[in-house]
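*Asks:* Sharing a structure below in structure tokens format, with a few things to ask.
The values are calculated or read from the model by the stated rules, or taken from the named source; none is laboratory data. Remember, it's a predicted structure, so these values are computed and weren't measured experimentally. So basically every Cβ, Gly included, is an ideal-geometry build from the backbone, and we count neighbours across all protein chains shown.
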Amino acid sequence: MNSLTRWPAEAIWEAIAPELPGFTVEVLPQIDSTNTELMRRARAGQLEPVLLVAEQQTAGRGRLGRDWHSGADSRQSSSGALTFSLGLPLAPRDWSGLSLAVGVSVVQSLHPDLQLKWPNDVWLHERKLAGILIETASLGQVRYAVIGVGINIKARDAAGLATPPAWLREVLPETDAAQTLLRIAAPLVRTIKAFEASGFAPFQSLFNARDALGGLTVTLSDGLCGVAQGVDNTGALQVLTAQGLKKITSSEVSVRPTGAPPYEFL
Ligand code: BTN
């Protein structure tokens, strides 16, 4: 991101602060990773709610220990992506499905064409547009959640990626990272507070309405194949296999659309 970017920090703060006392918005020109930074702060005892935006991440992280690159070169401006983390103390009765609820919130804030690939990738036209990484730190009785979101805004170099990524300007040609953050931030906080109060069940049908895997044959990491049937009220992926209906709570799922050569969206 270049220094000309005008971040709507005040508008976001005004929309969120009444619901989250002590909330702040912070934009940094560069950081290793917004998730890493908020986890560092939490472990050092900083547990206030904060939205941390990075114009450039030098060591962005994805799920399962993967890297998250906002562009082909970590030294280049990352104006092609929006990268932020929301940190806040959270105390849901059951944490299962939080990342799915976050995905629901992101797609609903952005565009009707966006879909969700269980557990929490955002897809556009069968390509990955955004990823979500949720981590937590416990300090005494308090559990602090760090919800990281990375969204491709502009076309980016696909070198080294198994499938070319998607970007938001394909469906919102005029948008930029700042406008995208403004659309997402307040609904995301509302979603998280709703999840804290009522868990995943109220999000089940919303997720299934955006489910990119429903009806597709999927291959689980243990080699089992079946047809994806949406998620249950805890966010588990339901897969109809030869051995019956399996509920998957944590697994990478690869997809083989019928009639096409096997390929993976991972
Ligand atoms: C994934 O798809 O595996 C999750 C990607 C999450 C990327 C975001 S970018 C902002 C935040 N900081 C990080 O280091 N990761 C998340």
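*Asks:* Filter region 115-146 down to the residues that are within 15 Å of the ligand (Cβ to nearest atom) and of a type in the set (D, E, K, R) and list them by number.
*Replies:* K117, D121, R127, K128, E135
*Asks:* Please find, within region 147-160, the residue that is nearest to the ligand (Cβ to nearest atom) out of those that are surrounded by 13 or more Cβ atoms within 10 Å (Cβ to Cβ) and of a type in the set (A, V, I, L, M, F, W, C).
*Replies:* The residue in question is V149.
*Asks:* Among the numbered criteria (1) within 16 Å of the ligand (Cβ to nearest atom); (2) over 22 Å from W7 (Cβ atoms); (3) assigned to a loop (DSSP other than H, G, I, E, B), which one does P112 miss?
*Replies:* The number of the failed condition is (1).
*Asks:* Moving on to the next point. Considering only region 247-263, I want to know if a residue exists there that is at pLDDT below 95 and crowded, with 20+ Cβ neighbours inside 10 Å.
*Replies:* yes
*Asks:* Out of (1) at pLDDT 95 or above; (2) within 16 Å of the ligand (Cβ to nearest atom), what's the single condition that is false for G71?
*Replies:* (1)
*Asks:* Let me ask something else. Can you say whether S77 is surrounded by fewer than 18 Cβ atoms within 10 Å (Cβ to Cβ), at pLDDT below 95 and assigned by TED's automatic domain parsing to the domain that holds A137, as far as the supplied structure shows?
*Replies:* Yes; evaluated as a whole, the condition is true for this residue.
*Asks:* Now, a different point. Based on this model, can you work out whether V106 counts as in a strand (DSSP E or B), surrounded by 16 or more Cβ atoms within 10 Å (Cβ to Cβ) and modelled with pLDDT of 95 or more?
*Replies:* For V106, the condition - in a strand (DSSP E or B), surrounded by 16 or more Cβ atoms within 10 Å (Cβ to Cβ) and modelled with pLDDT of 95 or more - is not met.
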